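Undergrad: Right, I'll just put the structure down here and ask away after.
The values are calculated or read from the model by the stated rules, or taken from the named source; none is laboratory data. What you see is a predicted model; the values in this text were computed from it and never measured. Using ideal geometry, Cβ is built from the backbone for each residue, glycine included, and neighbour counts are taken over all protein chains shown. These accessible areas exclude ligands, DNA and RNA; they are computed on the full protein's heavy atoms, side chains included. Shrake-Rupley method; radii C 1.70, N 1.55, O 1.52, S 1.80 Å.
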Amino acid sequence: MIIKSAEFVKSAVKPDHYPSADLPEIAFAGRSNVGKSSLINTLLNRKRLVKTSRTPGRTQLINFFLINKEFSFVDLPGYGYAKVPASVRKSWGPMIETYLSTRQALKGVVLIMDVRRTPGMQEANFIDWLHYYNKPCVLILTKADKLSKTNRIKQRLAHAKALGVDVDDLVLFSTKSRLGKDAVWNAVEQLIDHAPKKETQLFNNDGST
Ligand code: GDP
């Protein structure tokens with residue numbers, strides 16, 4: 001994918017605030033600090049388009065970005081951040097659920113997980129929930145550079161088991177080495193184009209760099 005333009009459009013908390021839904025959208029979800037902002041910036045070849053979680057302001061909101069004036073990336077607020085007050089944390093679920101269940105333009109969700117951390121019920125429930133709403137999901141294991149190749153493979157298997165998915169459905173990714181960047185773009189492009197998944201092209205990354 002050649003990125004000709006990538007611009008922040010607006011932040012929103014509820015449907016009234018969402019920008020118009022004329023273009024296909026891909027949403028990015030994950031636990032706070034998982035590396036979601038870094039992944040989006042890496043995909044877009046930008047250093048700071050998406051602010052990291054330590055930047056106050058935009059992070060508790062749904063942020064919309066317009067890419068190549070052809071499709072949108074939507075950065076969903078990270079969940080599970082201990083420092084956030086309980087009242088704010090409580091409003092996250094409904095805010096994200098409303099977006100995911102009502103947004104017609106949404107073509108799929110990229111769920112980002114830390115390769116080192118075996119996922120819990122939150123991730124498993126989220127995947128089930130996306131299936132229920134018939135939203136395709138791309139599963140990413142990021143920070144792969146932090147593990148040896150052997151441990152990456154082990155952790156990928158552990159994730160597959162914990163989530164009840166095929167190991168080939170988990171894309172290893174690293175913002176440092178750019179591992180998995182092409183695989184994520186292939187998956188995203190296919191979601192945008194409605195094309196059926198091509199398994200080998202999408203998920204054949206075995207951890208080699
Ligand atoms: P977010 O809260 O999910 O948006 O996470 P950030 O993108 O802000 O990343 C959290 C921290 O993890 C930052 O210090 C990043 O530099 C680091 N990080 C993110 N992705 C990677 C990666 O692939 N490899 C390594 N080694 N560090 C990463």
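Undergrad: Please give the strands (runs of 3 or more DSSP E) falling wholly within the range 94-192 in which 1 or more residues are touching a residue at least 60 places away in the same chain (Cβ under 8 Å) and within 13 Å of the ligand (Cβ to nearest atom).
TA: Because the criterion is at least 1 residues that are touching a residue at least 60 places away in the same chain (Cβ under 8 Å) and within 13 Å of the ligand (Cβ to nearest atom), the strands (runs of 3 or more DSSP E) in the range 94-192 that meet it are 106-114, 137-142.
Undergrad: Still on this structure, I have one more. Looking at the range 1-20, which of its residues are part of a loop (DSSP other than H, G, I, E, B), touching a residue at least 60 places away in the same chain (Cβ under 8 Å) and surrounded by 14 or more Cβ atoms within 10 Å (Cβ to Cβ)?
TA: Matches in the range 1-20: Met1, Val13, Tyr18.
One line per residue, one yes/no per condition, for (1) part of a loop (DSSP other than H, G, I, E, B); (2) within 13 Å of the ligand (Cβ to nearest atom); (3) open to solvent by 20 Å² or more (accessible area, probe 1.4 Å); (4) at pLDDT below 95:
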site: Ile26; (1), (2), (3), (4): no, no, no, no
site: Asn33; (1), (2), (3), (4): yes, yes, yes, yes
site: Arg46; (1), (2), (3), (4): yes, yes, yes, yes
site: Leu49; (1), (2), (3), (4): yes, yes, yes, yes
site: Pro56; (1), (2), (3), (4): yes, yes, yes, yes
site: Asn63; (1), (2), (3), (4): no, yes, no, yes
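Undergrad: I would also like to ask the following. Tell me yes or no: at least one residue of the range 149-172 is polar (S, T, N, Q), farther than 26 Å from Trp129 by Cβ, out of contact with any Asp or Glu (no Cβ under 8 Å at 6 or more places or on another chain) and at pLDDT below 95. Before the answer, list the steps.
TA: Filtering the range 149-172 down to residues polar (S, T, N, Q) leaves 150-151, 155.
Then keep just the ones that are farther than 26 Å from Trp129 by Cβ; that gives 150-151.
Cutting the leftovers down to out of contact with any Asp or Glu (no Cβ under 8 Å at 6 or more places or on another chain) gives us 150-151.
The next check asks that each one be at pLDDT below 95; those that pass are none.
Within the range 149-172 (the criterion being polar (S, T, N, Q), farther than 26 Å from Trp129 by Cβ, out of contact with any Asp or Glu (no Cβ under 8 Å at 6 or more places or on another chain) and at pLDDT below 95), the answer is no, since none of the residues qualifies.
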